[in-house]
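The values are calculated or read from the model by the stated rules, or taken from the named source; none is laboratory data. Since the model is a prediction, treat every value here as computed from it, not as a measurement. Methodologically, a virtual Cβ is constructed for each residue, glycine included, from the backbone with ideal geometry; neighbour enumeration extends over all protein chains shown.
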Amino acid sequence: MNRKLLSLSVLTSALILSANTFAKPQSGGFYGPTAPSASVTVAEVQNLKDESFVVLKGSIKQMVGKEKYLFEDKTGSIVVEIDDDDWNGLSVSPEDIVEIRGEVDTHWRKPTDIEVESITYITTK
């Protein structure tokens, strides 16, 4: 009985290892221009559906809560949620122009905000 159990265990391990060997690596990706339709202004965000992908360019003016910041462009301001690990070591001030990529997050009882997936420094004003 122990021999059958050991054989089954070895066979299972071999199958798992071979499946991992043929799996595609999870690194890399596209870094470049975004389709113009994804770039929007803060004012335009209010008319988009929940979970719409957006790209916004502007400044982070202040921290308003844990991982929440007030983002502003020429058309208005909106709260953006940037998880600590999404900063990737980037430090910015209210004078810096950044590009944020994320999803529109609509709510029933509070204002629409943006769940940021990435932030990139563009320039200083």
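Details
- Note on the stretch 73-98: residues that are under 12 Å from the mean Cα position of the chain (by Cα) and more than 19 Å from Q62 (Cβ to Cβ) total 2.
- Residue tally, condition in a strand (DSSP E or B) and surrounded by 16 or more Cβ atoms within 10 Å (Cβ to Cβ), over the stretch 34-56: 3
- Search result, residues across the stretch 104-123 that are in contact with a Ser or Thr (Cβ under 8 Å, 6 or more places away or on another chain) and either hydroxyl-bearing (S, T, Y) or exposed (fewer than 15 other Cβ atoms within 10 Å of the Cβ) (or both): T106, T112
- Members of the stretch 61-109 found to be in a loop (DSSP other than H, G, I, E, B) and among the small types (G, A, S), listed by number: G89, S91, S93
- Residue count, the stretch 92-125 (criterion: free of Cβ contacts under 8 Å to residues at least 40 places away in the same chain and either out of contact with any Lys or Arg (no Cβ under 6 Å at 6 or more places or on another chain) or among the hydroxyl-bearing types (S, T, Y) (or both)): 16
- Residue ID - modelled with the lowest pLDDT, chosen from residues in the stretch 110-125 that are in a loop (DSSP other than H, G, I, E, B) and over 17 Å from the mean Cα position of the chain (by Cα): K125
- Test set (1) at pLDDT 95 or above; (2) more than 14 Å from I119 (Cα to Cα) - L6 fails condition number: (1)
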